[in-house]
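Here, each number is a calculation from the coordinates, and none is a lab measurement. Being a predicted model, the structure only gives us computed values, none of them experimental. Because the Cβ atoms are built from the backbone with ideal geometry, glycine has one as well, and the counts that use them run over all protein chains shown.
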Amino acid sequence: MYNFAGLDWQRLSAEQGRAMAKCDGCGTFIVFGGVKSDGYRYCNNDCAQRGQVQLLSNAVPQELLDRYIHEVHQGDCPKCGGPGPIDVHMSHTCWSALVMTSMNSKPQVCCRSCGVKAQVGATCSSAVLGWWGFPWGLLFTPIQIVRNVKAIVVKPDHSRPSPQLAHLVKLDLASSAIRPGIKT
């Protein structure tokens, strides 16, 4: 349907019998090139490296993983040094300048208090800087503010770590296993 540089992407995709290639690391579409590694396709070398860590993380023994997740979850906050539980807290920002709008969601591994502080800061930042783009600033700013307010108001379950924390811990264990000089 759309022609770009003389190419009919819809026809090419139909001829190949599949959609355009997607990065196995981040999910973005790969238009040209990409990196192939171990039967997977990535958009660039950084995603390929993260993909290798992801593959290695699947080999981490479940007993070791469970123990490490528990230690991180019940440990002290890496930001303030206060007592846990520690989990992943997301803060969402939006800023705009005339026709450009940027949205960002930042995960932070910290205690609830530090997470709420980051979410309040992101809410204030978005409330001041988010509205100045048309039309996307007017649309995305309230979305990011509501996401922050919801995260502040809804208390997470402190009895067990979130799946996001478990995933980050799993990746951390795998990446530490491939760093030179570190044995796990």
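Yes or no: ASP66 under 16 Å from HIS158 (Cβ atoms) and of a type in the set (Asp, Glu)? Let's see the steps before the verdict.
Numbers: under 16 Å from HIS158 (Cβ atoms): no; of a type in the set (Asp, Glu): yes.
Spelling it out, it is not the case that ASP66 is under 16 Å from HIS158 (Cβ atoms) and of a type in the set (Asp, Glu).
Could you count how many residues in the stretch 80-97 are within 25 Å of ALA127 (Cα to Cα), surrounded by fewer than 17 Cβ atoms within 10 Å (Cβ to Cβ) and not small (Gly, Ala, Ser)?
Restricting attention to the stretch 80-97, the residues satisfying the condition of being within 25 Å of ALA127 (Cα to Cα) are 88-97.
Those still in the list that are surrounded by fewer than 17 Cβ atoms within 10 Å (Cβ to Cβ) too: 90, 97.
Remaining after also requiring not small (Gly, Ala, Ser): 90.
Qualifying residue count, the stretch 80-97: 1.
Only one of (1) more than 21 Å from SER175 (Cβ to Cβ); (2) of a type in the set (A, V, I, L, M); (3) surrounded by 15 or more Cβ atoms within 10 Å (Cβ to Cβ) fails for VAL31. Which number is that?
(3)
Can you tell me which condition CYS43 does not meet? The list is (1) closer than 19 Å to ASP172 by Cβ; (2) within 18 Å of the chain's Cα centre (by Cα); (3) not small (Gly, Ala, Ser), and all the others hold.
Going through (1) closer than 19 Å to ASP172 by Cβ; (2) within 18 Å of the chain's Cα centre (by Cα); (3) not small (Gly, Ala, Ser) one by one, CYS43 breaks only (1).
So in the stretch 129-161, with the set limited to residues that are of a type in the set (Lys, Arg) and not in a helix (DSSP H, G or I), which one is surrounded by the fewest Cβ atoms within 10 Å (Cβ to Cβ)? It would help to see each step written out before you state the result.
Taking the stretch 129-161 as the starting set, the residues that turn out to be of a type in the set (Lys, Arg) are 147, 150, 155, 160.
Okay, now just the ones that are also not in a helix (DSSP H, G or I), so 155, 160.
Working: LYS155: 9, ARG160: 14.
Here the answer is LYS155.
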